[in-house]
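Notes for the one structure printed next.
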Amino acid sequence: MATFDPGAATAAYMATLSPAAHAKAIAYTHGSEWLILWTCLVSIAASWLILRSGILRRLRERVDPDGRRPKRAVLAISAAFVLLTFLLELPWSIYTSWWRERSYQLSSQSFGSWLGDTAKALPISLIITTLFLLALYTLIRRAPRSWWLWASGVTAGGVILIVIIAPLFIEPLFNQYTPAPEGPVRTEVVRLAEATGVPHDKILIYNGSKQSDRYTANVSGLFGTARVAMSDTMFKQHADRSEVIAVVGHEMGHYVHKHILWFAGCMCLMAVVAFWLIDRLYPPTRDLLPGAAGVGGLADPAGLPILMIIASVLGLLSTPFSTTMTRVAESDADRFSLDNAHEPDGLAKALVKTIAYRASSPGRLEEIIFYDHPSVERRVHRAMLWKAAHPDRVGAPYGPLPRGT
Ligand SMILES: [Zn+2]
């Protein structure tokens, strides 16, 4: 029997896409990488226009003329800021998240439907941002020296809270979630869930094709609200049993290894650094920025655009850290899928379908900076290495490998 060559098998999977399809994926991916920079510049420009207009300063003077009702001022200014940036950035959002996706055939959503989703997201972001800023400015006033430390704790707590409530209150606003229908695929998914200790009443299908043709699944929620959801695109693109099992196995890896807590921990650490830097950078930025006249110290909510400009730059600079944070978890989830679902070829077939929106073979530095998943070529190669190392496991009953293998 010929020996199995993981390198050749990986190359064969990469060759299932035509050179033209690879070229299009590369164009889309490189464009997306540049968009990170342009989006940062757009949000800086929007914040600066709002600052320059003096509208927030006048709002503060009207709502809180004598400085005795700071919470009211924060609420009014936060709401005004969210609404104004939404309007100023709307043309850019239309281009990046609707027009561009459609022009690459990654979405077939109508403009009306996209706008409907965007309009529904606005009040959610309004509530979350306003509450967060209320907590932030209260901390800045009460603990002017150590607010940045407390604020990072509030950020981590807020992230966890949003993750817990998202499957209950946020996700159903945008998509329909239904239990996976009875059938051979569901039976297999339930069997895998039982082998890995995942509650199998939590495996759902959602109409992801409404927004995007991306071949994808996800896990969201935490503790009692956690569930695995597969986009209906997986079934429209003729996923076979081995693909579905490999992808669901990957999502179960996120669930079983509680990656969401890893994200919350990393975000807490990044928030400590970011808030500390904001604390130090706010005064010189305010002094240097034209248009900041009449704006007070960090505790003045009218200085929110300055704070947001610094946060946008820090967000841009933190890209390699946040992508690495998720990339580490994605590698771990692939490993979990291989070790429990034993479908290296199913995983490879499913991964090949994601190349359309994530070019398969970036350079190492590009992967480290921009890729929130390891490159498809690397992931397929790891699956093939697993296959070579565990020839007797492929197709074996689901569940973890026995010790010592
Ligand atoms: Zn994943």
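Of all beta bridges that DSSP places with both ends in the chain, some 65 percent have antiparallel geometry.
Largest first, the three principal axis extents of the alpha carbons in the chain are 83, 44, 40 Å in whole numbers. How large a share of the accessible area of the chain, in percent, is made up of carbon and sulfur atoms when the probe is 1.4 Å and the other protein chains stay in place? Accessible surface attributable to carbon and sulfur in the chain totals 67 percent.
Classified by the C-alpha gyration tensor, the range 103-260 has an oblate form. Its axis ratio a/c, with a ≥ b ≥ c, is 1.5 or above, and a/b does not exceed b/c.
Taking Cα atoms only, the orientation of helix 184-196 departs from the longest principal axis of the chain by about 70 degrees. Using the Cβ-Cβ distance between Arg68 and Ser125 with R0 set to 25 Å, the FRET efficiency from 1/(1 + (r/R0)^6) comes to roughly 0.30.
A viscosity of 0.890 mPa s and a temperature of 25 °C, combined with the Kirkwood radius over C-alpha pairs in the Stokes-Einstein formula, give the range 244-344 a diffusion coefficient of 152 µm²/s. A simple spin-label model places pseudo-atoms 7 Å from Cα toward Cβ; at Phe132 and Ala389 they are separated by 3.9 nm. With contacts taken as Cα pairs under 8 Å at a separation of at least 6 residues, the chain carries a relative contact order of 24 percent. Adding -39500 (n - 2.57) for every DSSP H run of four residues or longer, then dividing by how many residues the chain holds, sets the calculated 222 nm ellipticity at -21500 deg cm²/dmol. The protection proxy used here, the mean number of other Cβ atoms lying within 10 Å of each residue, ranks peptides 96-102, 43-49 as follows, highest first: 43-49, 96-102. By how many degrees, between 0 and 90 and to the nearest 10, does the Cα long axis of helix 70-93 differ from the longest principal axis of the chain? Roughly 50 degrees, rounded to the nearest 10.
The share of Cα pairs per 10 Å bin across the range 109-164, counted from zero up to the longest distance, runs 21, 37, 24, 13, 5 percent. Each residue, Arg364 and Phe223, gets one label point 7 Å from its Cα in the Cβ direction; the gap between the two is 4.3 nm. Over 24 Å apart at the Cα level, from the set Lys202/Lys236; Lys24/Lys387; Lys120/Lys210; Lys120/Lys236; Lys210/Lys387, are Lys24/Lys387; Lys120/Lys236; Lys210/Lys387.
Can you give the accessible area per residue of the range 275-387, in Å², using a 1.4 Å probe?
Spelled out: the 1.4 Å probe surface of the range 275-387, per residue, equals 37 Å².
Give the distance, in whole Å, between the Cα centre of the range 41-77 and the Cα centre of the range 284-362. Each part reduced to its Cα centre gives a spacing of 27 Å. Using only alpha carbons, the range 317-405 has a radius of gyration to Kirkwood radius ratio (Rg to Rh) of 1.02.
The values are calculated or read from the model by the stated rules, or taken from the named source; none is laboratory data. What you are looking at is a predicted structure, and each value in this text was computed from that prediction instead of being measured. Counting neighbours? That spans all protein chains shown, and the Cβs are built from the backbone with ideal geometry, glycine included. The accessibility values were calculated without ligands, DNA or RNA, using every heavy atom of the protein model including side chains. Shrake-Rupley method; radii C 1.70, N 1.55, O 1.52, S 1.80 Å.
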